[in-house]
Every structure is written in C-alpha cells, then in structure tokens.
Amino acid sequence: MTTDALMMRVLKQFRVLLRSMDTHYRRVERRSGLGGAQLWALSEISRDRGLTMGELSRKLGIRVSTASNLVKRLEELGLVGRAREKADHRIVRLAVTAAGRRTLQGAPKPSAGLLQQALLEMREAELRALHGELDRLLRRMGHLDREGATTLIGDLLREHEPAAPIKRGR
C-alpha cells in the first residue's frame, strides 16, 4: 500500500470517529433531552455522590466555569441539586435528584460518550502509545488551537455543523 493510500485510510478513520461521536450525541439528545456533556456530567455526579464543582470539572477535563454552566442547566431541569456543607459553607456538594436518576436509566449508553468509553477500555500501554502518536501528529500540524483541549466535544462538533441551506424567494 502506498503512503498516500494509507494516509487516506487513516483520514477516513478520523471521519468515522467524528461521525460516530456526532451520531451518538444526537441520539443521546433525542432520547434523553440532554446534550452528551450534560449526560456525562449527570452520570459523574450520580456515580460520585457529594462531588464538588472542581472535582466534576477535573473528571470531565473542562474548566470550572464550563462545569458550572452544565450543572446550572441540569439544576434548571430538576436533575441535580446543590447543598452547602454544614461545617464549611464555602463547599458546595452536587447530588442527582430522582428525576436525574430516571433520566440516566432511560438514556443511551455509554453515558460518558463513545470515545471516552473506548479510551477507558484501553490498556495503559495502548493509551500511552495513542497519546504519543497523537502528540506527534499535532506537532506536525502546527497552528494548533489549544482552547480545544478544554472544550466539550459536543460543542466542537456543533461548531462545524453545515449551515442550513439558504432559502431563496421566487
């Protein structure tokens, strides 16, 4: 196989990866009414009772402000609640409500997302090798947008949705 043909096969793998993630997020939204990141956040809060906003942001790999926005929306939907610690009122703990648990039960799996789940299932050696190869690929690309590292994948996919067709009058 030529290098050009192999490059095209790898490019197609990236396309399948992105399309599969987008399809999963759309299915999540249709079935649960939540975006992929919202479902992942809800799942993490459910799994680790008493999580703080900082802990949630670390688990999702996002900024605290982004996690706060996710939680705010989940609160508005009645899926999550906040409670201040009695000993230290500065500490706010998150908890899933009964409605949040029902939403999780009816939502498509995996709650964390297809890519996140696949990465979690990899052995450490595989993850290290993938990390190294992706790091080399990113360095070769140059002109990197490092903001992407803390942007939710669903948001990145939506940023690049094709524009709606222009309707022209007669």
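The values are calculated or read from the model by the stated rules, or taken from the named source; none is laboratory data. None of the values given here were measured: they were computed from a predicted structure. No Cβ is skipped: glycine too gets one built from the backbone with ideal geometry, and neighbour counts run over all protein chains shown. Side chains included, ligands, DNA and RNA excluded: accessible areas come from the protein's heavy atoms. Shrake-Rupley method; radii C 1.70, N 1.55, O 1.52, S 1.80 Å.
Among the numbered criteria (1) within 20 Å of residue 69 (Cβ to Cβ); (2) loosely packed, with under 15 Cβ neighbours inside 10 Å, which single criterion is violated by residue 81? Condition not satisfied by residue 81: (2).
For every residue, the table says whether it meets (1) over 23 Å from residue 57 (Cβ atoms); (2) loosely packed, with under 10 Cβ neighbours inside 10 Å; (3) of a type in the set (Phe, Trp, Tyr).
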| position | (1), (2), (3) |
| --- | --- |
| 120 | no, no, no |
| 125 | yes, yes, no |
| 129 | yes, no, no |
| 133 | yes, no, no |
| 139 | yes, yes, no |
| 143 | yes, yes, no |
| 147 | no, yes, no |
| 152 | no, no, no |
| 157 | no, no, no |
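For residue 122, the conditions (1) touching a helix residue (DSSP H, G or I) at 6+ places or on another chain (Cβ under 9 Å); (2) in a helix (DSSP H, G or I) all hold with the exception of (2). Listed residues 102, 30, 63; which is under 18 Å from the mean Cα position of the chain (by Cα) and open to solvent by 100 Å² or more (accessible area, probe 1.4 Å)? Exactly one residue qualifies, and that residue is 30. Cβ separations smaller than 9 Å between residues 6+ apart or across chains give no pair from region 95-116 residues that are under 14 Å from residue 38 (Cβ atoms) and free of Cβ contacts under 8 Å to residues at least 40 places away in the same chain to residues that are surrounded by fewer than 17 Cβ atoms within 10 Å (Cβ to Cβ) and among the acidic types (Asp, Glu).
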